[in-house]
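The values are calculated or read from the model by the stated rules, or taken from the named source; none is laboratory data. Quick caveat, the model's predicted, so the values are computed rather than measured. Cβ: placed from backbone, ideal geometry, glycine included. Neighbour counts: every protein chain shown. Only protein heavy atoms, including side chains, enter the accessible area calculation; ligands, DNA and RNA are left aside. Shrake-Rupley method; radii C 1.70, N 1.55, O 1.52, S 1.80 Å.
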Number of protein chains: 2
Amino acid sequence: MDNEKEIVMTSRIRLARNLKNYKFPMKMTCEEAVRIINDTNEALNNDSSSLNYRLLYMKDLSDINKNVLIEKHLISPALAESKDRGALLLSIDENNSIMINEEDHIRIQTLGTGMCLNECWEKSTKIDDVLEEKLDFAFDRELGYITSCPTNIGTGMRASVMLHLPALSITNQIDKLLYSISQLGVAVRGVYGEGTKSMGHLYQISNQGTLGASEDKLIEKISQIVVQIIQKEKATRDLLIKNNKDEISDEIYRALGLLSYARSMSTDEAMKLISYVKLGREIGIVEGLKNKNLYDLMIKVQPNNLIANSKGELTVKERDMKRAEFIRNKLQD
Amino acid sequence: MDNEKEIVMTSRIRLARNLKNYKFPMKMTCEEAVRIINDTNEALNNDSSSLNYRLLYMKDLSDINKNVLIEKHLISPALAESKDRGALLLSIDENNSIMINEEDHIRIQTLGTGMCLNECWEKSTKIDDVLEEKLDFAFDRELGYITSCPTNIGTGMRASVMLHLPALSITNQIDKLLYSISQLGVAVRGVYGEGTKSMGHLYQISNQGTLGASEDKLIEKISQIVVQIIQKEKATRDLLIKNNKDEISDEIYRALGLLSYARSMSTDEAMKLISYVKLGREIGIVEGLKNKNLYDLMIKVQPNNLIANSKGELTVKERDMKRAEFIRNKLQD
């Protein structure tokens with residue numbers, strides 16, 4: 001359904017796996033870490049049925065490049081900090097990745113656009129199978145997959161979706177909703193913000209528990225909650241159009257005006273304004289931006305993504321100017 | 001000089017005159033008021049060398065139409081309130097007008113674009129001469145022209161100029177400057193605002209005293225002060241470009257973005273944003289609006305000007321939406 005595409009930005013499955021006969025990453029030696037990286041790389045890249053994966057060592061990447069990967073949700077800040085042992089296997093389309101020697105030895109991640117947890121689950125299982133053929137995973141008949149942190153024991157799976165919820169945010173219903181969701185054993189995080197602070201009205205929800213339920217059940221639970229949130233966001237959008245069309249139109253067009261004209265803009269402001277314009281397009285107020293990927297624009301205006309596309313160092317002021325210019329060009333394209 | 005045109009919006013001369021053998025307007029009878037209106041109208045419109053003047057009785061005008069005249073500075077609020085006795089003689093180009101039975105029996109006003117106090121003075125003197133041929137003005141050899149309020153006795157002249165001072169305003173130098181000017185016996189008023197509150201960074205300065213100096217001297221004094229203010233505004237613009245070009249460019253383009261896209265806008269915000277864009281054009285930041293009369297736009301976004309151009313009554317919300325639409329259309333023309 002169309003609403004779903006507008007509201008669910010991405011789906012993501014992460015599987016935590018560890019190797020028998022190795023200490024957990026925080027305790028192991030550098031030699032062991034290197035061996036795990038090599039073994040994982042070999043297992044994956046020598047499998048004929050797999051995609052090609054680039055192997056990126058954290059120690060070889062600049063801070064900016066690591067931050068770009070963080071902003072794209074391809075690695076965690078913890079992996080970026082694991083300078084001498086961390087590595088990433090990354091498929092060319094960047095939809096599949098394996099973090100090596102983060103909290104667990106192996107974390108398989110699969111990413112897809114829109115609501116596609118099942119597809120992501122199938123893809124990640126396939127990667128899991130390929131790796132398991134060559135590697136000896138720590139698995140307990142009773143507990144399931146053994147993980148460094150007890151909260152991940154069991155399936156080792158985290159299913160998460162990134163939701164764009166501007167109407168619920170603008171109408172101040174979001175906090176209450178997120179609280180009630182969190183009561184259902186579901187974690188909610190703002191995206192690109194600290195703690196639960198959200199930027200661009202983006203929220204990520206994922207399962208809290210990994211134990212005592214099958215992967216299918218966990219995915220089904222998240223999916224059901226997502227359907228409810230979509231309905232609520234959609235209903236709120238309808239109400240906005242019905243009761244506050246003039247006010248919201250003004251807000252949305254002002255956002256478009258600032259994005260189209262400003263000469264300097266912070267990440268936070270850019271995210272918020274793009275979010276308004278995205279909403280405006282989806283509720284039929286803004287026309288003519290149909291071919292723009294505004295969610296992609298939200299990612300590209302992140303500080304390190306911007307810097308990575310520039311020559312040389314940028315001060316904060318230069319970055320804000322660059323961001324404004326980048327947005328103007330993207331909207332005019 | 002070009003700077004002058006950008007900074008001095010209009011010049012205006014007002015002459016206060018009263019008729020012998022009549023009480024001042026606040027004391028006279030309605031019959032006397034009507035006689036003065038008729039005599040003045042006849043004196044002016046029967047003179048072959050004069051322009052054609054429309055005679056507008058305050059009692060015949062709607063509140064909106066009276067407020068439009070106030071917003072155009074063609075009548076005072078006091079005249080608008082003088083329902084049964086007040087009238088206006090107005091030339092077709094609206095540059096010359098005679099208020100009848102305001103505080104004084106007759107107030108001749110001449111208006112011109114840019115710095116042109118001398119031309120206005122010549123025009124108003126000509127009107128004064130035409131009227132004096134037929135009407136018997138109250139004049140005292142020692143005191144000069146007799147007026148209702150002692151502050152206007154003498155020449156009965158007020159020379160005023162409307163200045164656009166965005167750079168001095170933005171950099172918070174304006175209050176100090178206006179205070180020091182007021183010490184020179186010059187009155188300073190914000191325009192379209194209450195008291196000294198300014199809208200759109202517009203300020204009107206005029207002579208305080210009308211006694212003890214010739215009209216030429218009073219005009220010369222105002223002109224000298226205006227030249228100094230222009231120099232200060234110009235120097236501040238140069239400094240803005242030199243030291244804060246990026247910041248001011250952002251402010252100016254944001255203003256243009258909001259004016260080009262907003263769906264609702266208050267008078268106050270519109271005035272401020274148009275002022276920024278006008279500054280931007282004049283300091284070479286905004287291009288492509290060369291043919292727009294932005295000062296005229298400032299007047300046309302005033303509430304009653306807007307309403308007068310609409311069909312039917314407008315709520316405040318509708319007016320703000322109408323204003324935003326009007327501005328968008330004007331900028332796109």
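Worth a mention:
- Looking across segment B:12-45 at every residue that is over 15 Å from residue B:132 (Cα atoms) and assigned to a helix (DSSP H, G or I), the one that is least open to solvent (accessible area, probe 1.4 Å) is identified as B:33.
- Looking only at segment B:65-117, and only at residues there that are surrounded by fewer than 17 Cβ atoms within 10 Å (Cβ to Cβ) and more than 16 Å from the chain's Cα centre (by Cα), the one that is nearest to residue B:313 (Cα to Cα): B:65
- Residue pairs whose Cβ atoms lie under 8 Å apart, separated by 6 or more positions or on different chains, with the first residue in segment A:308-333 and over 16 Å from residue A:264 (Cβ atoms) and the second among the aromatic types (Phe, Trp, Tyr) and in a helix (DSSP H, G or I), are A:309/A:326.
- Screening residue B:131 on (1) closer than 13 Å to residue B:14 by Cβ; (2) surrounded by 18 or more Cβ atoms within 10 Å (Cβ to Cβ) shows it passes everything except condition (1).
- Per the listing B:204, B:231, B:224, the residue uniquely part of a strand (DSSP E or B) and either modelled with pLDDT of 95 or more or not β-branched (Val, Ile, Thr) (or both) is B:204.
- Hits in segment A:46-60 (condition: in a loop (DSSP other than H, G, I, E, B) and open to solvent by less than 40 Å² (accessible area, probe 1.4 Å)): A:47, A:50
- Matching entry among B:9, B:28 (being aliphatic (A, V, I, L, M) and under 21 Å from residue B:81 (Cβ atoms)): B:28
- Those residues of segment B:71-83 which are assigned to a loop (DSSP other than H, G, I, E, B) and in contact (Cβ under 8 Å) with a residue 40 or more places away in the chain, in sequence order: B:72, B:73, B:82
- When residues of segment A:64-77 are limited to those that are charged (D, E, K, R) and modelled with pLDDT under 90, the one nearest to residue A:45 (Cα to Cα): A:72
- Selection from segment A:222-279 of residues that are under 24 Å from the mean Cα position of the chain (by Cα), within 10 Å of chain B (Cβ to nearest Cβ) and closer than 18 Å to residue A:164 by Cα: none
- Of the candidates B:185, B:144, B:209, the single residue that is touching a Ser or Thr at 6+ places or on another chain (Cβ under 7 Å) and not aliphatic (A, V, I, L, M) is B:144.
- Those residues of segment B:68-119 which are touching a Ser or Thr at 6+ places or on another chain (Cβ under 9 Å) and acidic (Asp, Glu), in sequence order: B:102, B:103, B:104, B:119
- Figure legend. Inter-residue proximity from segment A:31-46: first residues among the β-branched types (Val, Ile, Thr), second residues in a helix (DSSP H, G or I), beta-carbon distance below 9 Å, spacing 6+ or different chains. Indicated pairs: A:40/A:131; A:40/A:134.
- Residue within segment B:209-217 that is within 18 Å of the chain's Cα centre (by Cα) and either at pLDDT 80 or above or over 23 Å from residue B:294 (Cβ atoms) (or both) present: no
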